[in-house]
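The values are calculated or read from the model by the stated rules, or taken from the named source; none is laboratory data. The shown structure was predicted, so the numbers you read here are calculated from the model rather than taken from an experiment. Glycine gets a Cβ as well: all are built from the backbone with ideal geometry, and neighbour counts include every protein chain shown. Each accessible area value is taken on the protein alone, full model and side chains, heavy atoms only, with ligands, DNA and RNA left out. Shrake-Rupley method; radii C 1.70, N 1.55, O 1.52, S 1.80 Å.
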Amino acid sequence: MTATHEVFNQPAPLVNVNLFDGNRALQTALAFNAPGLDTAPLSALGERVGSADMQTHARLANVFTPQLKSHDRFGRRVDQVEFHPSYHALMTEATRAGLHGTPFGEVEQATGHAHLSRAAGFMLFTELEPSVLCPISMTYAVTPALQDNAAIYRDWASQLTSRAYDPTSTLWKDKPGVTMGMGMTEKQGGSDVRANTTQAVLDGEDNWGQRFRVTGHKWFFSAPMCDAFLILAQTPSGLSCLFLPRVLPDGSLNQLFIQRLKDKLGNKGNASSEVEFVGATAWLVGEEGRGVPQILAMGTMTRLDCALGTAGLMRHALSLALNHTAQRQAFGKALIDQPLMKNVLADLALESEAATALALRLARTFDRPGDEHERVMQRLLTPVAKFWICKRGSHFAQEAMECLGGNGYVEEGGEGVMARIYREMPLNSIWEGAGNIMALDLLRALRKANAAAALAHELAPARGMHPALDVLADTLPIRVEQMASEMEARRLAQDVAVAVQAALLAQTAPAAVFGAFCESRLAGHWGHSFGSLGAGTGFDAIIARAQPR
Ligand SMILES: Cc1cc2nc3c(=O)[nH]c(=O)nc-3n(C[C@H](O)[C@H](O)[C@H](O)COP(=O)(O)OP(=O)(O)OC[C@H]3O[C@@H](n4cnc5c(N)ncnc54)[C@H](O)[C@@H]3O)c2cc1C
């Protein structure tokens, strides 16, 4: 209020930066997984999502959170969620970038890199705003499951793959684009969906196949304004997957009632709801009684997005930490030049690059469905990447936040983004299968033929490049062959993750990055917190590579 002091030694925020051009780890991973990929569209997206005006939208969508309008003022149920215009601006941008169902379109499929390109775009967009990516991710993920009802997929495919966003609750065929969600979790069981009690009773048959009336509830039902959902419900044959549109083909609203919105730790821009179905209309997708494997086709892809999303959040947090420490002076020099801060920043940079490498390696498998090695690696790496990358996320965000000191903990404006990242981090670890569920899923994956051989093949190019990696490459396939017990599942998932990360870095990263990663994560020259790399580490080279500008 009065001129008692001048504000100085406070950093300029990181805005109007091209998030793709400054991300060398991402560029390297793309060049490795898809040599010759045209990255110009990603650079254009990086420019857009790094812009100050899009960052303002991200802030506003998180400050002015979604509101449930269950009834109109005359008492009629409307079941609408109202969003700030900035939410819609973000959704428009994400669909325009083709981050939802677009990779399944004919043009994109013909490139041979549709899923990998989209994965890189998804990571870049996460640095702008992760919560709108919930409906975007679900719309991406529905296709493999939905294709098992060919009639519905034929009717909905063009809207699912189009680059248009239309938030209105109107009939799908009158809209240029649609979004989809999913409903599995009920009060009495989330991980164990076999406990679902929601009932579906056969109601007849029409051109979308067997039609059911659904009665029950879903305890977590994110993005309830989506145009349709894949849900699980019990039919006489057991748990089945059903397609439930919000607006029925005759134009009336389906019997889906939003009870309330969840008051969440983070992910504030996205509405997550509790719903009830009172004789709602839905159509069977896939085989009756085979709902779990049916919907898992969707879960595989949303789990990929959890790994990609956390890798994107890590990159964002790292960039903010680097931006801050380069400008902030303490004890006579920039923080980034203080030896112990160098250790913290370099350690975070290693983790971020390893997460990027693993997440994009997994994404590549989705572009090569006919390749047997890629198929086995997809089954193996989906639970591994979801488990390990997401498990590291919260710890990573806390350490990056600490680089900003007190400002890191403050929500407001500019650098307050760090608090948003921190609150978002645990979510990717919980939804779509929490940590234990992922580790146990790895054990199931190992029962499939060829897991040990595929892992050995994956690690082979890095043989002889670091003794600690050689030890893991010798022993891991044997542990995989012998099958770990449930008690050991987390440790096995961690070891497979770091081994594959190291093998990828061996092939893509500079020697300083690969060497420090192996020394710390594999050889044990590391403490229990970030910032405990050995003194001989190439700190300056690692930090220079990670700089966002
Ligand atoms: C913000 C948010 C949005 C969500 N949106 C949706 C949505 O749109 N649709 C939807 O269907 N769901 C949604 N979910 C639900 C989410 O997928 C579940 O919360 C999650 O799968 C865990 O289920 P649960 O909450 O019932 O926990 P539980 O199943 O009770 O699990 C609790 C803990 O026990 C562990 N555990 C479970 N079984 C075992 C075992 N056999 N051995 C060892 N450990 C075990 C789990 O790993 C977990 O840590 C959302 C969740 C959140 C937080």
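Before moving on, here are some points about what is shown:
- Local electrostatic count at LEU160 - Lys and Arg +1, Asp and Glu -1, tallied over other residues with Cβ under 12 Å: +1
- Residue order by solvent-accessible surface for ARG479, ARG211, ARG194 is ARG194, ARG479, ARG211, largest first, with ligands and nucleic acids left out and a 1.4 Å probe.
- Cα-Cα pairs of region 85-140 separated by more than 12 Å (percent): 62
- Overall Cα dimensions of region 335-383, principal axis frame, Å, largest first: 50, 16, 12
- The alpha-carbon positions of the chain define a convex hull whose volume is 151 Å³ per residue.
- Counting heavy atoms of the protein chains alone, PHE212 has an accessible area of about 0 Å² for a 1.4 Å probe.
- Taking one quarter of the surface of the convex hull spanned by the alpha-carbon atoms of region 449-507 gives a direction-averaged projected area of 3.7 nm².
- Summed residue charge, Cβ within 13 Å of GLU274's Cβ, Lys/Arg positive, Asp/Glu negative: +1
- Range of Cα positions in region 397-549 per principal axis (Å), largest first: 52, 37, 26
- Note on region 154-268: Rg/Rh from Cα positions, Kirkwood definition for Rh, rounded to two decimals, is 0.97.
- For the chain, adding -39500 (n - 2.57) for each run of n ≥ 4 DSSP H residues and dividing by the number of residues yields -16500 deg cm²/dmol at 222 nm.
- Region 53-110: chymotrypsin sites (Phe, Trp or Tyr not before Pro) falling in loop per DSSP and having at most 16 other Cβ within 10 Å: PHE64, PHE74
- Size descriptors for region 250-374: radius of gyration and Dmax over Cα atoms are 22.8, 71 Å.
- With every protein chain in place, region 188-320: carbon and sulfur % of accessible area (1.4 Å): 51
- Semi-axis lengths (Å, descending) of the ellipsoid that matches the C-alpha gyration tensor of region 1-146: 31, 29, 9
- The Cα atoms of region 1-46 define a convex hull whose projected area, averaged across directions, is 5.0 nm².
- Surface analysis of the chain yields an accessible area of 40 Å² per residue, using protein heavy atoms and a 1.4 Å probe.
- Using distinct alpha-carbon pairs, which all enter the 1/r mean, Kirkwood radius of region 325-422 in Å: 15.7
- As a length-normalised measure over Cα pairs under 8 Å and 6 or more apart, the relative contact order of the chain settles at 15 percent.
- Near the amide H of VAL81, within less than 5 Å, lie the amide hydrogens of LYS69, all on another chain or at least 5 residues away, with H placed in the peptide plane.
- Mean projected area in nm² (Cα convex hull; one quarter of hull surface) for region 85-216: 9.8
- Residues of the chain were split at every exposed loop site, defined as GluC sites (Glu not before Pro) in a DSSP loop with at most 14 other C-beta atoms within 10 angstrom, and the longest piece left, sites excluded, is 7-286.
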